[in-house]
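Read through the structure below, which is laid out as structure tokens, and then see the notes.
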Amino acid sequence: MARTFKEAAIAGIGATEFSKESGRTELQLAAECSLAACQDAGVDPRDIDGMITFTIDNSDEITLARCLGVKDLAYTTRIPGGGAAAAATIFQAMALVNAGVCNNVLIWRAMNERSQYRFGQNPNNMQGYTGGHGTGTLLWNIPFGAMTPASWGALQAQRYLWKYGLTNADLAHVCVQQRQYAATNPKAWFYGKPITVEDHQNSKWIMEPVLRLLDCCQESDGAVALLVTSLERARDLKQPPVRILGACQSIPFNVEVIANFHHDDMTVMPEARGVAKRLWEMTGLKPADMQAAMLYDAFSPHVLLQLEAFGFCKPGEAAAFVKAGGMALDGAIPTNTHGGLAGEAYIHGMNSMAEGIRQVRGTSVNQVTKKTVEHVLVSSGMAGAVLARA
Amino acid sequence: MTTPTDSTPSAAAAPKPTRIAPIVTPDAKDFWEAADREEFIGEKCSDCGRFRFPPRPMCPYCHSLKREYVKLSGYGTVHSWCMPRHPPPFGFREPPIVAVIQLQEGTRFVSNVVGVKLEDMKQDMAVEVIFEPTMGNHKVPVFKPRGQ
Ligand SMILES: [Zn+2]
């Protein structure tokens, strides 16, 4: 294949159901979602020539390739940083297609992160804390009882809340909005189960006084896959192509994933600011040009921090922005319209990437209709992409 | 490394430590060995004099490989904090207060604040280091309100 620059597009999305017990192996989930993404695109899985997943995905790429009958794999890679990898998979798939080294890049993430193991429980091994998996400093937190992502996320969020005179009650509106979206999404774990501010405030403390149960994502079994190809080729496939207009990662000095305590100002997400800067420069667009956003929401405060980092509102104003309906379908930036990781499922952010694609295709169950969706921002904190109509 | 003071009556009467021992990586060995001696040390660049945490072989400011471990003041402020309620963290009889301590020397350190109730926690409150025992006869630095 001639190595000329090619525009990249997402041609297929695939997913399993989201549950608390899939009843099958992670490898099977990976194979099912990958096949579904290929079928959605109308691409023969045997023609996959690039494969990308998270470093902490348990399925081996070659074994998965042998499930799918992949004829001649040209490139594989894995991305570190837990859920921060979600949008980074799209970025790296784009780069491979742009560079002309791959034609059909499969992205997958498959996990029984409920029935088999749970990130939200005390660790029973240290594998997740080693290089490339979690972050470099997680081990330092363990003897002090900070053993879960919620504890690290809460330590970051507490200073933000304090700085702006907010409390846990101010986070409720993010959760209520996302559960409202989930309530009308048949694929969501919390389909038909909206919550009120009172429900949120009555849910038990996970990390007092920062995070309650309903501030946390819904740990789930399930899998999501995407198929990325060239824009030119995507035009001839089954679905309307979703252009990857821009995509990037950003990991500023002293920033870490979630245990993000060592950079200068803990009340901002420098990594999301870095992603925003690169994305807006790369695309020539601005926050007001986005018709929807999917923002990584392992915990509700991080939605606020990303809304601010990407410039949808000013520092410290996101809670009021959300309370006033900023994330709603008729709001300034409809956000996490599938219900987010808290409402639909926690597939490590990849289900949020899929929802961004559906919004561009016009096929979300909570479709933005007040304007034609031209551009959607997807973010996993340390990475992001602007997806666009072709 | 200090040996447990099992022979003293007060130690014999004290409940066995339940706190999990630090997980010691090669780059963190000096820090944790000092903690066992009840010394709270920091890694300082021998060339430009700046502190860094966590320990690493190279100074990110001047790229020097020369480094020294120096005793820190042990003073700091509570930069952020929370109390893990669910799941109850392994190794604690009562839920601890977990905090990011802003150290006087400029680096930050995740630890516990002891000797204060959750409702009495104040942002940026002054704290000082003390040591608590862990399983396996090790010690970790924790912080109490300064002067208490
Ligand atoms: Zn130096």
Those residues of region B:123-148 whose amide nitrogen sits under 12 Å from the label point placed on B:Gln104, 7 Å along Cα→Cβ: B:127-129, B:146-147
Gained length - A:Met282 relative to A:Asp330, 0.36 nm times residue gap less alpha-carbon distance: 14.5 nm
Mean shadow area of region B:23-71 over all directions, Cα convex hull, nm²: 3.1
Apportionment of accessible area to carbon and sulfur, chain B, percent (1.4 Å): 53
Within 10 Å of each Cβ in B:86-95, the average number of Cβ atoms from other chains: 5
For B:Ser80, residues with placed amide H under 5 Å, excluding near neighbours: B:Val100
Range of Cα positions in chain B per principal axis (Å), largest first: 48, 38, 31
3J(HN,Hα) from dihedral phi, region A:42-56, Karplus parametrisation 6.51/-1.76/1.60, rounded to Hz, x for glycine, proline: x, 10, 6, x, 5, 8, 4, 10, x, 9, 9, 8, 8, 4, 8
Helix axis angle, A:149-163 relative to chain A longest principal axis, alpha carbon, degrees: 60
Whether region B:73-148 is rounded, prolate or oblate, judged on the alpha carbon gyration tensor where a/c under 1.5 counts as rounded: oblate
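List the trypsin sites (Lys or Arg not before Pro) within region A:246-320 that DSSP assigns to loop and that have no more than 11 neighbouring Cβ atoms inside 10 Å.
none
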Test item: A:145-155 mean partner chain Cβ contacts at 10 Å: 6
Percent of Cα pairs exceeding the 23 Å cut-off, where the set is region A:243-387: 27
By average C-beta atoms within 10 angstrom, highest first, the peptides A:10-19, A:316-325, B:43-52: A:10-19, A:316-325, B:43-52
Of A:Gly50, A:Ala65, A:Ala30, farthest towards positive along the dipole that unit charges on Lys, Arg, Asp, Glu beta carbons give region A:1-99: A:Gly50
Kirkwood Rh in Å, taken over the protein assembly as shown so that all alpha-carbon pairs contribute: 24.1
Accessible area in square angstrom per residue, region A:200-240, 1.4 angstrom probe: 36
Other-chain or far-sequence residues with amide H under 5 Å of A:Tyr346's (modelled H): A:Gln218, A:Ser220
Simple spin-label estimate for A:Thr167 and B:Asp27 in nanometres, 7 Å along Cα-Cβ: 4.1
Estimated vicinal HN-Hα couplings, Hz - region A:252-264 in sequence order (Karplus 6.51, -1.76, 1.60; Gly, Pro = x): x, 3, 6, 8, 10, 6, 6, 7, 9, 10, 10, 8, 4
Average beta-carbon neighbours from other chains, 10 Å sphere, peptide B:97-109: 3
Whole-Hz ³J(HN,Hα) from phi, Karplus 6.51 cos²θ - 1.76 cosθ + 1.60, for region A:349-358, glycine and proline x: x, 5, 5, 6, 4, 4, 5, x, 5, 4
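Which value, in debye to the nearest 20, gives the size of the charge dipole of region B:23-71 about its Cα centre, when Lys and Arg are +1 and Asp and Glu are -1 at the Cβ?
The dipole of region B:23-71 has a size of about 240 debye.
Take the Cβ-Cβ distance between A:Lys370 and A:Thr196 as r, set R0 to 25 Å, and report the resulting FRET efficiency rounded to the nearest 0.05. Display every interim value, and only then the final one.
Numbers: r = 25 Å, r/R0 = 1.00.
The calculated FRET efficiency here is 0.50.
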Sequence-distant residues sharing a close amide H with A:Lys20 (under 5 Å, placed H): A:Asp221
Per-q log10 I(q)/I(0), region A:134-251, q = 0.18 Å⁻¹ (Debye; single scatterer per alpha-carbon; no solvent): -1.07
In nm, spacing of pseudo-spin labels at A:Thr4 and A:Arg24 (7 Å Cα→C-beta vector): 4.1
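So, with +1 on the Cβ of K and R and -1 on the Cβ of D and E, and no other charges, what is the size of the charge dipole of the protein assembly as shown about its Cα centre, to the nearest 20 debye?
Numbers: 52 positive and 53 negative charges, 91 e Å.
I would put it at about 440 debye.
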Relative contact order (%) - chain A, alpha-carbon pairs under 8 angstrom, separation at least six: 24
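Relative to the present Cα-Cα distance, how much length would full extension add between B:Ala14 and B:Cys48 at 0.36 nm per residue of separation?
Taking B:Ala14 through B:Cys48 to full extension adds about 7.8 nm, to one decimal.
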Virtual spin-label span in nm between B:Arg93 and A:Ala95, 7 Å along Cα→Cβ: 5.2
Principal-axis tilt of helix A:85-98 within chain A, Cα atoms, nearest 10 degrees: 30
A:Lys238 - accessible surface, heavy atoms, 1.4 Å probe, Å² rounded to 10: 140
Using a Förster distance of 22 Å, the FRET efficiency for A:Ala74-A:Gln39 (Cβ separation, nearest 0.05): 0.50
Using distinct alpha-carbon pairs, which all enter the 1/r mean, Kirkwood radius of region A:247-317 in Å: 12.7
Mean residue ellipticity (222 nm) of the protein assembly as shown, computed from DSSP H runs ≥ 4 via -39,500 (n - 2.57), nearest 500: -7000 deg cm²/dmol
Chain A: angle of helix A:270-283 to the longest principal axis, Cα-based, in degrees nearest 10: 40
Rounded Å value of the spacing that divides the Cα centres of region A:249-311 and region B:72-86: 25
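The values are calculated or read from the model by the stated rules, or taken from the named source; none is laboratory data. Here the structure is a predicted model, which means the values were calculated and not measured. Note: ideal-geometry Cβ built from the backbone for every residue, glycine included; neighbour counts use all protein chains shown. The accessibility values were calculated without ligands, DNA or RNA, using every heavy atom of the protein model including side chains. Shrake-Rupley method; radii C 1.70, N 1.55, O 1.52, S 1.80 Å.
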